[in-house]
Amino acid sequence: MVTQEELIKEARENGMELYPIEKDTYELFFGPQHMATENFSIILKMDGNRVVKAIANPGFLHRGFEKLAEFRPWYTNIALLLRICVPESDVPEAIYSMAVDEIIGWEVPERAQWIRTVVLEMARVSAYLFWIMGLSFKLGVYTAGQWAAAYRERLMRLFEELTGARVYHIYTIPGGVRRDIPGDKWLRQLKDTVEYIRSKLPDFDNLVFENYITYKRMEGIGVMDKKFALAEGVTGPNLRATGVAYDVRKDDPYLFYPELDFEVPTLKEGDALARALVRRYELEQDLYILEQLLEMGPPSGSYKVEDPRLKNLPRFKVPAGDAFAHVESTKGDFGAYIVSDGGNKPYRVHVRGPSIAHGIRVLEQLLVGARIADVPIILMSLDNCPPDIDR
Amino acid sequence: MTWEVGEEIVKKILEKAPYAEGRVRRERRLEFKIPAERIRDFLMLMKENNFPLMLQISAVDWVKDGEIELVYHLMNVELRTHAMVKVRIPRDLDKAKMPTVRDIYPAAETYERDVHDFFGVYFEGNEKMEMPWILDDPERGLYPHRKDFDMLGYVKKKYKILDRFDENKDKYVI
């Protein structure tokens, strides 16, 4: 049998230029077009099939949203900023609107708050289903992925009826929401959908979360502990998988969350499997929250503030000041710091994507020592959303 | 609106840091203003006072004052409190320098690289400052988030084939 060294020697003798390779390590550009990396690029230094060093390489998606937002009137920015994180586009809308509400000092009507809470929870459920789809594709359980996509489609249809759009809703606006809920029929449909998705959760458990292969593939890889996660600024399910019960919905309550009864699931292991299971429990809690909200019913009243300033949106002005608003997204703590100098455009919009914390430094450290086949699994268990980083 | 827990936290921190100004903005929101050279002392103090989580470092370019404002967002997980630590530094490129805080909050490394790439603030002691970040090589050294960045000039230079930028017009809607 011809060894590799002999082949290299032969190739060199035949005049081929080969790069000198120190020992057995080589560099591998992983992504951004590779579908397992979700538009994110990592430069891996490999020894055989083990990762020796990883360098996160952001910038592929940079679209300059924050700069563009400084050139647009306050209201048109919503249609721009919601594109930051596609699977749950309602979150950037909500943080922007909440920050603007705080600067102006608007008290958003109860009905609008209720609708915003419902929309945010629907977005969370649909984002988790989207994540299950990604995870099961990476694990090779394509059936579960197709189920998740199909169930998400039901939510998309409800979103379309509510907002007029499937993915980019442009629905939550400063001062309330853009239009009222379509009627009782829509609420009944939402209730049916919630019940339907809940009834399908055991199927996901059987196929993905209690599967022997999942445990073999995910247990004990990408482990981080509590102290490390807090120091690195990790939030969301990734932090809760290490045992810290930090959830913005409980810890900095907004909208209707103080009145709702739900648990913040935590696990101690901090590995990829724990992160996946925390997300699975959270999906159940989100469905439970939606059930409670639907049982409560929408409060009566207006769906947005009545203010003469809303009559002429292009000339709409926000008084000078700054505010920070954040909500809990499926990726973690999603925040926006907004500064106004009193004009009809924002002076500065800074979005804090949760992925910027766990997508750069944490990822670089967790990948060291992993096998090449584990790289997509670790990436998926962290639920990295590259547009958060490349705002 | 008064919020007693917040008042107590502010009082406790201001006792140890007399150089700082602090106030309660609203429930669960604190704000501190400190001189730039004391940032490391102050953040160390904040970490000792149970603010383990750094959410982000925002920068705002106040071009009229000739200053860049850096806002360090910290979160207290136990007392459910968010604190903003505001620092102002001159915006001239050779004076816009800050000491790094990545040994206090490791997460700050990424945010510092972000601020450096887009605002040109140099964080002394952060080794990764020189490494490529989001912008491409030709864009480095331009600092696009500064308010005096000539966006139209840049677009014209980069996309020469676009002839829709009329020289005689003095206003463009971008």
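The values are calculated or read from the model by the stated rules, or taken from the named source; none is laboratory data. These numbers come from a predicted model, not from an experiment. No Cβ is skipped: glycine too gets one built from the backbone with ideal geometry, and neighbour counts run over all protein chains shown. These area figures cover heavy atoms from the full protein model, side chains too; ligands, DNA and RNA do not enter into them. Shrake-Rupley method; radii C 1.70, N 1.55, O 1.52, S 1.80 Å.
Mean residue ellipticity, 222 nm, helices only, chain A: the sum of -39500 (n - 2.57) across DSSP H runs of n ≥ 4, divided by residue count and rounded to 500, is -14000 deg cm²/dmol.
In terms of overall dimensions, the C-alpha atoms belonging to segment A:107-228 reach 49, 37, 21 Å along their principal axes, ordered largest to smallest. The interface between chain A and chain B buries about 3800 Å² of solvent-accessible area in total (1.4 Å probe, ligands and nucleic acids excluded). Taking square-rooted eigenvalues a ≥ b ≥ c of the alpha carbon gyration tensor, is segment B:51-136 rounded, prolate or oblate, where a/c under 1.5 means rounded and, failing that, a/b exceeding b/c means prolate? Oblate. Seen against the Cα atoms of chain A and their longest principal axis, helix A:90-104 is set at about 50 degrees. Kirkwood analysis of segment A:64-106, using all unique Cα-Cα pairs, places the hydrodynamic radius at 10.7 Å.
Hydrodynamic estimate: the Kirkwood radius of segment A:179-309 over Cα pairs, inserted into Stokes-Einstein at 4 °C and 1.567 mPa s, corresponds to D of 75 µm²/s. Among B:149, B:119, B:42, the residue with the largest mean-square fluctuation in a Gaussian network model of chain B, with springs joining Cα atoms closer than 10 Å, is B:149. Each Lys or Arg adds one and each Asp or Glu subtracts one; over the other residues with Cβ under 9 Å from the Cβ of residue A:241, this totals +2.
Here each label is just a point 7 Å from Cα along the line to Cβ, and for residue A:180 and residue A:16 those points are 7.3 nm apart. Counted as membrane-span-like here are DSSP H helices of chain B whose alpha-carbon atoms extend 15 Å or more along the helix's own axis and whose Kyte-Doolittle mean is -0.5 or above; these are B:4-16. Axis angle, to the nearest 10 degrees, between helix A:142-163 and the longest C-alpha principal axis of chain A: 20 degrees. With q set to 0.08, 0.11, 0.13, 0.20 Å⁻¹, the log10 of I(q)/I(0) for chain B, from the Debye formula over equal scatterers at the Cα positions, is -0.32, -0.56, -0.72, -1.30. What figure, in Å² to the nearest 10, do you get for the accessible area of residue A:379 with a 1.4 Å probe and non-protein molecules left out? Using a 1.4 Å probe on the heavy atoms, I get roughly 10 Å².
Near residue B:18, within a Cβ-to-Cβ distance under 14 Å, what is the net charge of the other residues, with Lys and Arg +1 and Asp and Glu -1? So the surrounding residues net to +2.
Overall, the ratio between the Cα radius of gyration of chain A and 2.2 N^0.38 Å, rounded to two decimals, is 1.09.
How charged is the neighbourhood of residue A:367? Take every other residue with its Cβ under 12 Å from the Cβ of residue A:367, and add Lys/Arg as +1 and Asp/Glu as -1. That sum, taken over residues with Cβ under 12 Å, equals +3. Extending 7 Å from Cα along the Cβ direction at residue B:152 and again at residue B:62 yields two label points whose distance is 2.8 nm.
Across B:148, B:114, B:103, mean-square fluctuation computed from a Gaussian network of chain B (C-alpha pairs under 10 Å connected) peaks at B:148. Ligands, DNA and RNA excluded, the heavy atoms of residue A:224 present near 10 Å² of accessible surface to a 1.4 Å solvent probe. Shown are A:26, B:19, whose ranking by accessible area with a 1.4 Å probe and every protein chain present, most to least, is A:26, B:19. Across peptide B:54-64, the average count of Cβ atoms from other chains found within 10 Å of a residue's Cβ is 6. Relative to the longest principal axis of the Cα atoms of chain A, the long axis of helix A:4-13 makes an angle of roughly 80 degrees.
Solvent-accessible area per residue in the protein assembly as shown equals 44 Å², computed with a 1.4 angstrom probe and all protein chains kept.
Remark: C-alpha extents of segment A:17-144 on the principal axes read 68, 41, 19 Å, sorted largest to smallest. Ignoring lysines fewer than eight residues from residue A:138 along the same chain, the ones with Cα atoms less than 19 angstrom from its Cα are A:216, A:331.
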